[in-house]
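Visitor: Have a look at this one before I ask anything.
The values are calculated or read from the model by the stated rules, or taken from the named source; none is laboratory data. Being a predicted model, the structure only gives us computed values, none of them experimental. Backbone-built Cβ (ideal geometry, glycine too); neighbour counts: all protein chains shown.
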């Protein structure tokens, strides 16, 4: 098994200070390991991979890895990534976002990137909170939970990021948790192999802010919560709605075929040049 | 004979304390409770012989600070690793 | 003897001339969002770019448009967007990103009446200060302003050249009059117009320092996918592009960003003096108002008044040297603007009292006419 870590070291930027900046036990580190293993499986050379991130704890991920990396403004990672992919389609573009980054300030860009089927993978680390800024609630914070800005408890209802992605038109949507590290490997591998807009939602935890305020215990206990409240898509199919009440599904939620944006736009170029009739 | 064989097969666990942040995840999720936490909260190998080399700790460590070498003693594993190297299944780009 | 060059004689709208200039400069990526009075630029590029194997995309809003432009530029494209006041306001944060990450790109602002929805189909020059300080934080900016259709063509080429040469976002402020009016323009096909492309690194990837502090101040720029795997961030960063909080790295970085522009004023500042040497009265004007100023000066000369004009094509960085020159030689300086006085503030700031500065501030959505300038001259002189 040591080869896993040996592999990870091949992809890290060793002129960056390690250990990395995230809190002890944060799920982003686990997700980073899975990301590197999945990228290694794609066979792409490091030169052809672009890692784009927004602002937040997840935003600090690309600086640690040896790819073309871009740390954009809050919520706008997908727009920068769209520009990169369309300007140089051979690049493999992977976008890392947090829940606030992707579906709060970035919500408009998220649904449109999905609708357009831009050929890239959006990886959303969903820990139900704005961690970096100290624990405010986010669009995925469950109803009734506490945060530094809902101290009397949250009266808003949360998004389901994966369903949002499915409805908006993503061709591949998978959900995993940082507890199920092996599942993350396979979900990301499938997403990277997919042509079109693929989404991997990763349920993670923020024990430092959200866990403490809601008495959910340490990172370990929050990961145990993930283990006990998740159910695979296959198993869920046999379960009654009642049993699924406080559970969320993990695994591949949708996997369909749609032409990617750059291939469609290549048709526009042909029509424009008259080399092909509509 | 079984005794000697079992001793030889103990997987080699490395804990890289410079990167370890004592989050306790590896200890908590080790299926055979091979690991335990010292007073500083850092993991240490309490029952080496219990380790079944499942690699759960290595794959869940957020800081890549724990590794588990294969079943055989160090040397044999390295040959196996090299042998496996080329066919590690690196698919061609975009496949 | 210059050989006979193949030329096109066209009757072009300002927005059309901007497109011709952009394509001449090598623009191969455009992301935009519909907004009067800039939409023609998007529409024409949506037709022309795919013909040239370029890329046009209409994004979901202006923030996404400038985001896509910056992404495309990082991948190696020459990218542009075009908007008007409301969209320009939305773009400010990402324009700041282009400044700090030193990403070449061109942003056209077809200025209309403001604030807010304002006067969508009527002109104004009221975004001038926003062009300077729209995005937060200390930053230099280059903003050019055409007053004729020819200048729409030439200044768009210059905008791309400056953005590539200094690795900065360049703004093109085109008021609605110039954007929508038509004039004859002759474009010489194989005219050797200087087209500048970003300087690529020549050192191998291991030695590449992406944000190196060189005397010229502009580091070589590798494009994503060229084998130089480096980090680009909106956080203040060190010379290798990694985020820093060290004062001894932050200070030289911010000052280099300014030095890139201030060291090249001579190259960047474009303007023209018309009969200002003997002028008692000089009109300082830009955009469509510069046209009225030229006519007012001619009419004034006929009435025996020594009137000159300083036409400014570069709004930012402020053409301090040229303005000071006319302030020294004139008794009276008139600054007619279609706003409440944005450039006139700068003129007064650098005025050492040699000349008296008067303004015309027209904010009714109509262009300032030569007669209005002339009667103002009679009033104050």
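Visitor: Name the residues in segment A:27-81 that are in a strand (DSSP E or B) and either in contact (Cβ under 8 Å) with a residue 60 or more places away in the chain or more than 7 Å from every other protein chain (Cβ to nearest Cβ) (or both), would you?
Guide: Across segment A:27-81, the qualifying residues are A:49, A:51, A:52, A:53, A:65.
Visitor: Would you mind telling me which numbered condition in (1) part of a loop (DSSP other than H, G, I, E, B); (2) farther than 18 Å from residue A:137 by Cα residue A:215 fails?
Guide: Just one mismatch for residue A:215, condition (2).
Visitor: Among the residues of segment C:186-216, what is the count of those that are at pLDDT below 95 and surrounded by 15 or more Cβ atoms within 10 Å (Cβ to Cβ)?
Guide: Total meeting the criteria: 3.
Visitor: Test each condition in (1) surrounded by 24 or more Cβ atoms within 10 Å (Cβ to Cβ); (2) out of contact with any helix residue (DSSP H, G or I) (no Cβ under 7 Å at 6 or more places or on another chain); (3) within 14 Å of chain A (Cβ to nearest Cβ) for residue C:84 and report the one that comes out false.
Guide: The number of the failed condition is (3).
Visitor: Which of the strands (runs of 3 or more DSSP E) found entirely inside segment C:252-317 contain at least 1 residues meeting this: surrounded by fewer than 21 Cβ atoms within 10 Å (Cβ to Cβ)?
Guide: C:271-274
Visitor: Just checking, does segment C:113-122 include any residue being in contact (Cβ under 8 Å) with a residue 40 or more places away in the chain and under 16 Å from the mean Cα position of the chain (by Cα)?
Guide: No, that holds for no residue.
Visitor: Please determine, by comparing only the residues of segment C:61-75 that are facing chain A (nearest Cβ under 7 Å) and in contact (Cβ under 8 Å) with a residue 40 or more places away in the chain, which one is farthest from residue A:75 (Cα to Cα).
Guide: In the first step, residues of segment C:61-75 are kept if they are facing chain A (nearest Cβ under 7 Å); the result is C:61, C:63-64, C:67-72, C:74-75.
Right, trim to in contact (Cβ under 8 Å) with a residue 40 or more places away in the chain and you get C:69, C:72, C:74-75.
Working: C:69: 16, C:72: 18, C:74: 18, C:75: 20 Å.
Out of the qualifying residues, it is C:75.
Visitor: Name the single residue that is nearest to the other protein chains (Cβ to nearest Cβ) among those in segment B:28-59 being over 13 Å from residue B:11 (Cα atoms), more than 12 Å from the chain's Cα centre (by Cα) and part of a helix (DSSP H, G or I).
Guide: Looking at the filtered set, the residue picked out is B:28.
Visitor: Check segment C:223-245 and report whether any residue there is within 30 Å of residue A:64 (Cα to Cα) and more than 14 Å from chain A (Cβ to nearest Cβ).
Guide: No, there is no match, as no residue in segment C:223-245 is within 30 Å of residue A:64 (Cα to Cα) and more than 14 Å from chain A (Cβ to nearest Cβ).
Visitor: Being under 21 Å from residue A:115 (Cβ atoms) and part of a loop (DSSP other than H, G, I, E, B) is the filter here, so list the residues in segment A:224-278 that pass it.
Guide: Those that are under 21 Å from residue A:115 (Cβ atoms) and part of a loop (DSSP other than H, G, I, E, B): A:256, A:257, A:258, A:259, A:260.
Visitor: Kindly indicate the residue of segment C:318-349 that is in a helix (DSSP H, G or I) and surrounded by 21 or more Cβ atoms within 10 Å (Cβ to Cβ) and also nearest to the chain's Cα centre (by Cα) among those meeting that condition.
Guide: Checking each candidate, the answer is C:343.
Visitor: I would also like to ask the following. Collect the residues in segment C:26-60 that are under 22 Å from the mean Cα position of the chain (by Cα), facing chain A (nearest Cβ under 7 Å) and more than 22 Å from residue C:180 (Cα to Cα), keeping them in residue-number order.
Guide: Across segment C:26-60, the qualifying residue is only C:29.
Visitor: Taking residue C:193 as the residue in question, decide whether it is outside any loop (DSSP other than H, G, I, E, B), touching a residue at least 60 places away in the same chain (Cβ under 8 Å) and either within 14 Å of chain A (Cβ to nearest Cβ) or touching a helix residue (DSSP H, G or I) at 6+ places or on another chain (Cβ under 9 Å) (or both). Before you say what the answer is, go through the steps one by one.
Guide: Numbers: outside any loop (DSSP other than H, G, I, E, B): no; touching a residue at least 60 places away in the same chain (Cβ under 8 Å): yes; either within 14 Å of chain A (Cβ to nearest Cβ) or touching a helix residue (DSSP H, G or I) at 6+ places or on another chain (Cβ under 9 Å) (or both): yes.
So residue C:193 does not fit the description; no.
Visitor: Take the conditions under 25 Å from residue C:102 (Cβ atoms) and within 15 Å of the chain's Cα centre (by Cα) and apply them to residue A:81. Does it pass?
Guide: Judged against the criteria, residue A:81 is a match.
Visitor: Okay, next question. Is it true that residue C:260 is touching a residue at least 40 places away in the same chain (Cβ under 8 Å), within 18 Å of residue C:97 (Cα to Cα), more than 14 Å from every other protein chain (Cβ to nearest Cβ) and under 22 Å from the mean Cα position of the chain (by Cα)?
Guide: Yes; evaluated as a whole, the condition is true for this residue.
Visitor: Which condition from (1) over 19 Å from residue C:258 (Cα atoms); (2) over 18 Å from the mean Cα position of the chain (by Cα) is the one that residue C:89 breaks?
Guide: So residue C:89 meets the others, but not (2).
Visitor: Does at least one position in segment C:138-147 carry a residue that is without any contact (Cβ under 8 Å) to a residue 12 or more places away in the chain and under 25 Å from residue C:346 (Cβ atoms)?
Guide: Among the residues of segment C:138-147, not one is without any contact (Cβ under 8 Å) to a residue 12 or more places away in the chain and under 25 Å from residue C:346 (Cβ atoms), which makes the answer no.
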